[in-house]
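Here's the structure, in structure tokens; my notes come after.
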Amino acid sequence: MPGAIYAEGLVKTFGDVRALDGVDLDVPEGTVLGLLGPNGAGKTTAVRCLTTLLRPDSGSAVVAGIDVLKHPDAVRRSIGLSGQFAAVDEYLTGRENLQMVGRLYQMRAKAAKARAAELLEQFDLADAADRPTKTYSGGMRRRLDLAAALVVSPPVMFMDEPTTGLDPRNRQLLWDVIKRLVSGGTTLLLTTQYLEEADHLAHDIAVVDHGRLIAQGTSDQLKARTGGERVEVVVHERDDIATASEVLRGFGKGETTVEDHTRKLTVPVTGGAKLLAEVIRELDTRGIEIDDIGLRRPTLDDVFLSLTGHVAEEAVTSNEEDVKK
Ligand SMILES: Nc1ncnc2c1ncn2[C@@H]1O[C@H](COP(=O)(O)OP(=O)(O)O)[C@@H](O)[C@H]1O
Ligand SMILES: [Mg+2]
């Protein structure tokens, strides 16, 4: 059974730019897929194809069980979309905007009013509800945009970089809302440039670069591909390095590396915190004094770097420079 969002071989070109170069996706119902990639990777193009706003050159897509190319209108009724291109009317108040969306979806006036009030509360916009949205800050607009996508609770949601450019407080607020939404059973495809965001919100992560999926898996699986977790120990006495190295060899899943001048030993492991505790006990039993010990897990930054040969954040800058030329 294909998932709630399914795509096969999506290709979209703009002139000689292959924005999507054969993308396959399968998002099980009730889960979150994080589409992660730098600026220009093809994320927005993918979202636009899946939400009927753009017709792919080739490939197929099924969303909420409906063929996107054959029945775009039916797809539109089953999805919510928030992102860079969603419209909020500047001259209406936040409340009016949300009520209008409700009416567009054929809600009765009273129900639309109640839903708007509920969302304004939830998104911390109640105080600003009756001001025209042109007076809103960037973070407030973003929240209103997301609230608008949630007026009717669609079974499938798309969010295109929902938190790009937000301050940490607003980002946290949106994360909380997104988590609550997903716990209600919504299937979500979320695009992001932030590795941390995908790590935080997504069950599965698809890494996209130059219109292609270059890796897919859970955050842990992607991290494991870069070598997985390691134990790092700094011993107090240089003379203990040899013994400590022997101890680590007993626990490690690979070669122990030693940095003499910092007295730091590193060994790849599996087993997490429990194993770490055992290592500490064993070092203690042997009478080895340690200055520092820890379990180091690769971050998604490490993952991106090892997959693409460049850092996600750096790629953003170089892309912007390309545009200026
Ligand atoms: N309407 C368009 N016309 C021409 N080129 C486009 C258009 N939309 C996107 N592109 C190009 O397609 C590529 C992917 O863009 P996009 O999907 O917006 O990436 P992302 O959302 O990951 O930043 C980029 O090289 C972009 O310049
Ligand atoms: Mg985009």
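Things to note:
- Single residue of 143, 77 found to be of a type in the set (D, E, K, R), within 25 Å of residue 189 (Cα to Cα) and in contact with a Phe, Trp or Tyr (Cβ under 7 Å, 6 or more places away or on another chain): 143
- If the condition is being of a type in the set (A, V, I, L, M) and not in a helix (DSSP H, G or I), then the stretch 208-225 contributes 208, 213, 214, 215.
- Qualifying residue in the stretch 291-302 (condition: buried (at least 17 other Cβ atoms within 10 Å of the Cβ) and within 27 Å of residue 20 (Cβ to Cβ)): yes
- Among the candidates 55, 18, 76, the residue that is in a loop (DSSP other than H, G, I, E, B), touching a residue at least 12 places away in the same chain (Cβ under 8 Å) and among the basic types (Lys, Arg) is uniquely 55.
- Scanning the stretch 2-47 for residues that are on the phi > 0 side of the Ramachandran plot and surrounded by fewer than 24 Cβ atoms within 10 Å (Cβ to Cβ), we see that the one that is farthest from ligand 1 (Cβ to nearest atom) is 30.
- Boolean, residue 11 is farther than 20 Å from residue 199 by Cα and within 16 Å of ligand 2 (Cβ to nearest atom): no
- Count of residues meeting criterion [touching a helix residue (DSSP H, G or I) at 6+ places or on another chain (Cβ under 6 Å) and outside any loop (DSSP other than H, G, I, E, B)] in the stretch 129-139: 2
- For the stretch 21-46, taking the residues that are closer than 16 Å to residue 194 by Cβ and part of a helix (DSSP H, G or I), the one that is farthest from ligand 2 (Cβ to nearest atom) is identified as 43.
- Identity of the residue in the stretch 111-128, more than 15 Å from residue 101 (Cα to Cα) and touching a residue at least 12 places away in the same chain (Cβ under 8 Å), that ends up farthest from the chain's Cα centre (by Cα): 128
- Any hit, the stretch 67-86, residues being over 23 Å from residue 193 (Cα atoms) and surrounded by 19 or more Cβ atoms within 10 Å (Cβ to Cβ): yes
- Residue count for the stretch 146-181, restricted to those that are within 16 Å of ligand 1 (Cβ to nearest atom) and crowded, with 18+ Cβ neighbours inside 10 Å: 6
- Residue 77 vs. criteria of a type in the set (D, E, K, R), out of contact with any strand residue (DSSP E or B) (no Cβ under 8 Å at 6 or more places or on another chain) and under 21 Å from residue 213 (Cβ atoms): no
- Meets criteria (within 27 Å of the chain's Cα centre (by Cα) and either in a helix (DSSP H, G or I) or acidic (Asp, Glu) (or both)) for residue 103: no
Read the figures in this text as sums done on the coordinates, not as results from a lab. It should be emphasised that the depicted structure is a prediction, and the values quoted were computed from it without experimental measurement. Using ideal geometry, Cβ is built from the backbone for each residue, glycine included, and neighbour counts are taken over all protein chains shown.
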